[in-house]
Amino acid sequence: MEQTDLIYADSETSSDLLYACGFSAPDPFIYFALTSGEKGIIVSPLEQNRAEKECHSDITVFGYDDFTGVATPRTELLIAAMARRFKILQFRVPQNFPLLLTEKVRAIGL
């Protein structure tokens, strides 16, 4: 089974994330690359307009409200909503992916 790439970090300290999307942000956000080739990020409403201007042209920028009705949703719930929307069962994450977030996502069933 192929896996969707998933990064949760800030792009000011994660060169992988900055390279992948072109958006520089001091706060962590979600980046994903589907096996179909579609790539996207999920950012807070405060960063959405700037992300749309800075991201590479092949990146779709999503806001929290595209996945949940909550203004500041928990990250694991955003990931779960994204997984449901795109029918993702497994993720491939970088070595420095937060362990606590990994455990929370696994507890959801991913």
### Task
Show the residues, 5+ positions off or on another chain, whose built amide H is closer than 5 Å to the amide H of Asp5.
Ala33, Arg92
### Cα extents of the chain along the three principal axes, largest first (Å)
34, 28, 26
### Query
Residue by residue, what Karplus-based ³J(HN,Hα) values in Hz, rounded to whole numbers, does segment 19-29 have, using 6.51, -1.76 and 1.60 with θ = phi - 60° and x for Gly and Pro?
5, 5, 10, x, 9, 9, 9, x, 9, x, 8
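Calculated FRET efficiency, Ala107 and Thr72, Cβ-Cβ r, R0 30 Å, to nearest 0.05? Can you show the working numbers first?
Details: r = 20 Å, r/R0 = 0.67.
E between Ala107 and Thr72, to the nearest 0.05, is 0.90.
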## Note on the structure
Per the charge dipole of the chain (beta-carbon charges, Lys/Arg positive, Asp/Glu negative, Cα centre), the residue among Gly69, Asn96, Ala9 reaching farthest to the positive end is Gly69
### Message
Using only DSSP helix segments of four residues or longer, with each worth -39500 (n - 2.57), what per-residue ellipticity at 222 nm results for the chain after dividing by its residue count and rounding to 500?
### Response
-10500 deg cm²/dmol
### Query
Taking all protein chains as present, what is the carbon and sulfur share of the accessible area of the chain, in % to the nearest whole number, probe 1.4 Å?
49
### Query
Summing Lys, Arg as +1 and Asp, Glu as -1, what charge do residues with Cβ under 14 Å from the Cβ of Glu103 carry, Glu103 excluded?
+2
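Ranked from highest to lowest mean number of other Cβ atoms within 10 Å per residue, what is the order of the peptides 45-58, 4-17? Could you put the intermediate results ahead of the total?
On the way: 45-58: 13.9, 4-17: 18.1.
Most protected by this proxy first, the peptides run 4-17, 45-58.
Rounded, prolate or oblate, given the Cα gyration tensor of segment 70-110, with a/c below 1.5 counting as rounded? Intermediate results must be reported in sequence, preceding the final value.
Details: a/c = 1.77, a/b = 1.17, b/c = 1.51.
The shape class here is oblate.
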### Message
Taking the Cα centre as origin and putting +1 on Lys and Arg beta-carbons and -1 on Asp and Glu beta-carbons, what dipole magnitude results for segment 33-110, to the nearest 20 debye?
### Response
300
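Probe of 1.4 angstrom, ligands and nucleic acids ignored: what's the accessible area per residue over the chain, in square angstrom? Display every interim value, and only then the final one.
Numbers: 6520 Å² over 110 residues.
Ligands and nucleic acids excluded, the result is 59 Å² per residue.
The values are calculated or read from the model by the stated rules, or taken from the named source; none is laboratory data. Bear in mind that the values here come from a model prediction, so they are computed numbers and not experimental data. Cβ atoms come from the backbone with ideal geometry, glycine included; neighbour counts cover every protein chain shown. Heads up: the accessible areas ignore ligands, DNA and RNA and are worked out on the full protein's heavy atoms, side chains in. Shrake-Rupley method; radii C 1.70, N 1.55, O 1.52, S 1.80 Å.
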